Amino acid sequence: MGIQIAAFNHLLNQHPAVRAELAAHAGRRVAVALPPFHVAGVFTDDGWLAACEGEPEATVRLKHAVALAAVAGRDPALNDIQLEGDAELAAAVGRLLGRLQWSAAEDLSRLVGDAAAQRAETLARGLLGFKGQVAWRLAANWVEHLREETPVLTGRRQVQGFVAAVDTLRDDASRLEKRLARLQAALQQEQTKA
């Protein structure tokens, strides 16, 4: 469940205005289901979703048509969304969820830079139309999974930190090697004098 909450909060991070509105529901327990995914938790004072015990007060159940409508840039049909529990809370959360849209380009830009991410998104959408949008989102999701969930790919900052550490280690080893050579030369001079 922690990964699902983290993914949900990642999406909220791209929408600070929605998160600010969700903060109005601080302390309320909710669940959002889009089979096979299910996320449940309590809203914090900052609008994040946090893990909690107990049954949700409201549940928003989404059909797969909602995800397809979001990919296509359309509004979902009302019969594709089912609200359970506290109707007022579920409706409010459902309206806010409808405003969430994942920005794959933003996530990919952290990995390859802004310009490359924008070119990749434009190319995918232009070449393949709707199928390109779906492919773009799936590819960006896969890259995010590789970077965050299974450490196959690393972020730019991690690579830069590693390279800097290797450079420092190389320089330190070079200085140590020179110091050892001087000490060895001095030791040989002392042995020659004795």
Exercise. Given a Förster distance of 41 angstrom, what is the FRET efficiency for HIS10 paired with GLU177, based on the Cβ-Cβ distance and rounded to 0.05?
Worked result: 0.35
For this session: Would you please give the residues with an amide H less than 5 Å from that of ARG29, counting only those at least 5 places away or on a separate chain, with H modeled from the backbone geometry?
Result: GLU57
Exercise. Once you list every other residue whose beta carbon is under 11 Å from the beta carbon of ALA40, what net charge do they have if Lys and Arg are +1 and Asp and Glu are -1?
Worked result: -2
Problem set entry | Within-14-Å neighbourhood charge of ALA26 [Cβ basis; K, R +1; D, E -1] | -1
For this session: Could you compute the FRET efficiency for ASN79 and GLU21, with r as their C-beta to C-beta distance and R0 at 25 Å, rounded to 0.05?
Result: 0.50
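We did not get these values from a lab; they are worked out from the coordinates using the rules stated. Keep in mind that what you see is a predicted model, and the values were worked out from it rather than measured. Cβ coordinates were reconstructed from backbone atoms using ideal geometry, including for glycine residues, and neighbour counts include every protein chain displayed.
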